[in-house]
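Participant: Sharing a structure, written as structure tokens. Questions coming.
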Amino acid sequence: MTGPPPIRVEKALALMPELEALEPLRALLVSIARPDEATMWSSSGPYLTLGKRGVHPDELRRRMPQAFHRITEHLQALFKAQVEALECQQRADAPGVVTALLRAGRLEEEVGRHTQARAWYEVALRVAEALQDRRPEVEALHALGYVCLALGEYAAGARHFQRSLALAEAEFDQAGATAASEGLGDVALAQGQWGGAHAWYSRGLRLAEAAGDAPRAGRLERQLGVLSRRQRDLAAAGDFLRRARERFEAAGLADEMAGVLNEQGRLDAQLGRHTAASAAYREALAWAQRAPRDARLELSIRLNLAELDLEAGRLLEAEAELRRAEQVAIGGHVIRRLAQIYTLIARAVEHSVATEAQVYHAYGLFRSRLGQQDEARAYLERARELFASLGEAVERERVEAELRALSA
């Protein structure tokens, strides 16, 4: 005798108020969602989006203690950092206060809570601004610059890095000036400002080499390689990536090796060297396994490998890699990359613009139910463009009605 059918994820999420207290439960629900047997073998099965998957409330109930444990561990670490800040304050150790507050912010960043991380960093900055030693202020500004970059607030991020650079230079803090130059390069790169990015990365590289800081010099060379590849200066990109790899390999930095090999794979793919690209991605995955788990890095590598398989016509391999990427995204709570995964799966299974449009449409509705209206609008607008290109007037009008409802 079979039990009641599972509840679709999109319907389950629609019943959950947009409250911060429910975020861990929402994440747990998403992580345990599974396609049902009937859909797995239907024509829609291969590119089934997360919102169409099912979840059983009894499994959610069974897993709740695990969620409570993770929440408790996170809160304990935050509370410990806060108490350490208070103890430092009691001892009149203001730099120690800043260090403890920054540690709490990093704990929030690690679980994707960037807005909360910024709040910790802002308090740390207020304490640091009163100190004679400016290095804690440089560190707090650096942390704020990157959290603003993660939030897409580029102007604010640049201001923090500029202030960090000015203070570091005034204090002859070469490491701080190098880090600020790298941050300014990252902001410029994120905005497509190639000239600015090159100038800042090159400046940071000169400082890192002068200080004998091989790991940071390697990161800056990797970023210069990324920039050169985007500017289609592929020979320069290869030189920068090779030098970065040599530095990271000598230092035994597994996470950095995974990152630079991922970029080498992208370069090889752009050069049409598909075998070399595949080897680079697989070596990147091997290095990633040796480092602390970084879901975003692993996801990036697997998506690049899947795209390579798609371009080579290896559709079954591409779909298998994309399903592994999907599990990494769900397990690591990198939900924002799922739309990219599902559209690539649609390409792997059925070379159809109509299918791609349906995936964007379904994922737009799913993001709407998560309360992420700006992202929902972006996916729905893309679906509307694709339906319009196909002359699908009925589908296009339906999406337009949903877009109007989002703006209401």
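Participant: Could you work out the helix-only [θ] at 222 nm for the chain, with each DSSP H run of four or more residues adding -39,500 (n - 2.57) and the total divided by the number of residues, to the nearest 500 deg cm²/dmol?
Facilitator: Theoretical 222 nm ellipticity from helices: -26000 deg cm²/dmol.
Participant: Using a ≥ b ≥ c from the Cα gyration tensor of the chain (square roots of the eigenvalues), is it rounded, prolate or oblate, where a/c under 1.5 gives rounded and otherwise the larger of a/b and b/c decides, a/b for prolate?
Facilitator: Numbers: a/c = 1.88, a/b = 1.32, b/c = 1.42.
Taking the square roots of the gyration eigenvalues as a ≥ b ≥ c, the chain is oblate.
Participant: Have a look at G157, T115, V147 and report the one farthest towards the positive end of the charge dipole of region 108-162, computed about the Cα centre with Cβ charges (Lys/Arg +1, Asp/Glu -1).
Facilitator: It is G157, whose Cα lies furthest towards the positive end.
Participant: Where a ≥ b ≥ c are the square roots of the eigenvalues of the C-alpha gyration tensor, would you call region 119-241 rounded, which needs a/c under 1.5, or, failing that, prolate if a/b is larger than b/c, or oblate?
Facilitator: Numbers: a/c = 2.74, a/b = 1.58, b/c = 1.74.
Oblate.
Participant: Here's another thing I want to ask about it. Relative contact order of the chain: what whole-number percent is it, with Cα pairs under 8 angstrom and at least 6 residues apart? Could you put the intermediate results ahead of the total?
Facilitator: Details: 543 pairs, mean separation 38.7, N = 408.
The normalised contact order for the chain reaches 9 percent.
Participant: Then there's this: Ignoring chymotrypsin sites (Phe, Trp or Tyr not before Pro) that are buried or in helix or strand per DSSP, and keeping those with at most 14 other beta carbon atoms within 10 Å, what is the longest stretch of the chain between them? Could the numbers behind the result be given before it?
Facilitator: Details: sites that count: W41, F172.
Here the longest run is 173-408.
Participant: Identify which of L144, L224, L316 has the largest mean-square fluctuation in a Gaussian network model of the chain, with springs joining Cα atoms closer than 10 Å.
Facilitator: Comparing L144, L224, L316 in a Gaussian network model of the chain, the most mobile one is L316.
Participant: Still on this model: What ³J(HN,Hα) values, in whole Hz, does the Karplus curve 6.51 cos²θ - 1.76 cosθ + 1.60 give for region 187-192 when θ = phi - 60°, with x put for Gly and Pro?
Facilitator: Going residue by residue, I get 5, 4, 4, 4, 9, x Hz, with x marking Gly and Pro.
Participant: I would also like to ask the following. Per residue, how much accessible surface does region 134-244 expose to a 1.4 Å probe? Answer in Å², no decimals. It would help to have the intermediate numbers written out before the result.
Facilitator: Values: 4570 Å² over 111 residues.
Solvent-accessible surface per residue comes out at 41 Å².
Participant: Report, in whole Å, the centroid distance computed from the Cα atoms of region 98-142 and region 153-169.
Facilitator: Their Cα centres are 14 Å away from one another.
Participant: Then there is this: Using 0.36 nm times the number of residues separating L151 and D374, minus their current alpha carbon distance, what extension gain do you get? Can you show the working numbers first?
Facilitator: Working: separation 223, 0.36 × 223 = 80.28 nm, distance 1.32 nm.
Extending this stretch completely gives an extra 79.0 nm.
Participant: Got a sec to turn the phi values of region 65-81 into Karplus ³J(HN,Hα) couplings, 6.51 cos²θ - 1.76 cosθ + 1.60 with θ = phi - 60°, whole Hz, x for Gly and Pro?
Facilitator: Result, ordered by residue: x, 4, 5, 4, 4, 5, 5, 4, 4, 5, 5, 4, 5, 5, 5, 4, 4 Hz.
Participant: So what's the angle, to the nearest 10 degrees on a 0 to 90 scale, between helix 114-128 and the longest Cα principal axis of the chain?
Facilitator: Its long axis makes an angle of about 10 degrees.
Participant: In a GNM of the chain with a 10 Å cut-off on Cα contacts, which of G265, G105, G331 has the highest mean-square fluctuation?
Facilitator: Judging by the Gaussian network model, the answer is G331.
Participant: Once you order the gyration tensor axes a ≥ b ≥ c over the Cα atoms, which shape class does region 362-408 get: rounded for a/c under 1.5, otherwise prolate or oblate by comparing a/b with b/c? Each step should come with its number before you reach the end.
Facilitator: Numbers: a/c = 2.49, a/b = 1.81, b/c = 1.38.
Cα axes put region 362-408 in the prolate bin.
Participant: Another question, then. As I understand it, the value is the acute angle between the Cα axis of helix 295-311 and the longest principal axis of the Cα atoms of the chain; what does it come to in degrees, rounded to 10?
Facilitator: Helix 295-311 sits at roughly 50 degrees to that axis.
The values are calculated or read from the model by the stated rules, or taken from the named source; none is laboratory data. Remember, it's a predicted structure, so these values are computed and weren't measured experimentally. We place every Cβ from the backbone using ideal geometry, glycine too, and count neighbours over all the protein chains shown. For accessibility, only protein heavy atoms count, side chains too; no ligands or nucleic acids. Shrake-Rupley method; radii C 1.70, N 1.55, O 1.52, S 1.80 Å.
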